[in-house]
Amino acid sequence: MIDSPMSQMTALGADWWNDSGVASELAEAVALGAVGGTSNPVIVSKAAQDHPELCRPHLERLIREHPHATEDEIAWKLIHALGIESATHLQPVFEASNGEKGFLSMQVNPQFYPDPQRMVAQARQLAALAPNIAIKLPTTVAGIVAMEDLTAAGIRINATVSFSVAQAIAVSDAIERGLQRARSAGVSTDRLRPYITLMIGRVDDHLKRVAAAEGISAAEQAINWAGIAVFKRAHELFRSAGRPGTLLAAAYRHEGHWSQIIGPDVLQTIPYNWWRTFNDSGTTPTLTLDDPVDPAIVHELEQTFPDFVKAYDPAGMTPPEFLRFGATQHTLKQFLGGYADLLCIVREAMLN
């Protein structure tokens, strides 16, 4: 393994994933110690736009092989093809870890967010693509229902569209119920370790939008610590209570999102361009996960932003409120937009 900040992070026992829809980028990350990968409609759409030389042959083949398929059907066949290719790159990690690591997270159709039954049905299809697939579902009431059902069926899940300690706890509770149901039904849970993503950069993004809308400027520097503070508090609570679920940090906006939450028992999923930047930064990674955020910064955020309290306080939101949280709405709309963009790419290929 090449000696670099990312491989040094791995040597510290801190696992990370590549957040990219391009298999070659995932292979590059694995060479530096990455033990997983993730995808969503925005990532797949971006991969198709930025790397047409990789995606176009898949599209053309799929269109030839399925001349009567709809745009949606071709889009999902493309997602499946890219997913299988990426899962293959992670197969050696999966096998070497005896199925503990080496997973690719694939996300259900964002259009299904109100319907747990449709999410579960599609999740089963995605999980069947390869033995090392985990399923991403939104952390809303409907998504949490689907997460419990899939866990009960022995399928590894990854909660996404998640920004708060309250959401992480609600998912963990659902995982515990699902594990109990699985054991009662005789389903093996020995290697079933679900993931709970906290999109730390999107917490910051949301507060920045609030600050811009309300003309708040004093807390600009503090906002960059908001997502980090949420993640650290969730980790502290999960560790002290022994909660099921591995916390996973996502949505990077600056180096602190990487350097301030390095530690064992959690994961980071880092976009390709960001981990390349971190790898070239010269920063020596250290175990920072248990280092507290300056209490003065936390206090400033609590006094300035009610939505930070919603994200930071374990009782800040109830499950019915998750869908109405500003970061949830913005992210779901972006995922839906990314899927619409992907359909446009497919449409262009089908009509030419």
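The values are calculated or read from the model by the stated rules, or taken from the named source; none is laboratory data. These figures come from a predicted structure and were not determined experimentally. Positions of Cβ are backbone-derived with ideal geometry, glycine not excepted, and every protein chain shown enters the neighbour counts.
When GLN329, GLN303 are checked against the criterion of being over 20 Å from the mean Cα position of the chain (by Cα) and assigned to a helix (DSSP H, G or I), GLN303 stands alone in meeting it. If you filter the stretch 31-50 down to residues that are aliphatic (A, V, I, L, M) and under 16 Å from PHE278 (Cβ atoms), you find that the one that is nearest to the chain's Cα centre (by Cα) is ALA34.
Would you point out the residue of the stretch 181-213, among those that are small (Gly, Ala, Ser) and buried (at least 16 other Cβ atoms within 10 Å of the Cβ), that is farthest from PHE238 (Cα to Cα)? Give the derivation first.
So the first thing to find is which residues in the stretch 181-213 are small (Gly, Ala, Ser), and the list is 182, 184-186, 188, 201, 211-213.
Remaining after also requiring buried (at least 16 other Cβ atoms within 10 Å of the Cβ): 182, 201, 211.
Working: ALA182: 22, GLY201: 21, ALA211: 30 Å.
Filtering the stretch 181-213 for residues that are small (Gly, Ala, Ser) and buried (at least 16 other Cβ atoms within 10 Å of the Cβ), the one farthest from PHE238 (Cα to Cα) comes out as ALA211.
Which residue is surrounded by the fewest Cβ atoms within 10 Å (Cβ to Cβ), if the candidates are limited to the stretch 113-143 and must be in contact with a Pro (Cβ under 9 Å, 6 or more places away or on another chain) and in a helix (DSSP H, G or I)? Out of the qualifying residues, it is VAL141. Scanning the stretch 306-326 for residues that are touching a residue at least 12 places away in the same chain (Cβ under 8 Å) and either within 19 Å of ILE79 (Cα to Cα) or not in a helix (DSSP H, G or I) (or both) yields ASP313, PRO314, ALA315, GLY316, MET317, THR318, LEU323, PHE325. Is it true that some residue in the stretch 63-83 is in a helix (DSSP H, G or I), crowded, with 17+ Cβ neighbours inside 10 Å, basic (Lys, Arg) and free of Cβ contacts under 8 Å to residues at least 24 places away in the same chain? Within the stretch 63-83, one or more residues are in a helix (DSSP H, G or I), crowded, with 17+ Cβ neighbours inside 10 Å, basic (Lys, Arg) and free of Cβ contacts under 8 Å to residues at least 24 places away in the same chain. Filtered by the rule that a residue be over 19 Å from GLY338 (Cα atoms) and not hydrophobic (A, V, I, L, M, F, W, C), the stretch 21-57 gives SER24, GLU25, GLU28, GLY33, GLY36, GLU53, PRO57.
Contact map, the stretch 245-265: first residue modelled with pLDDT under 95, second residue among the acidic types (Asp, Glu) and assigned to a helix (DSSP H, G or I), Cβ cut-off under 8 Å, separation 6 or more or different chains; the map is empty.
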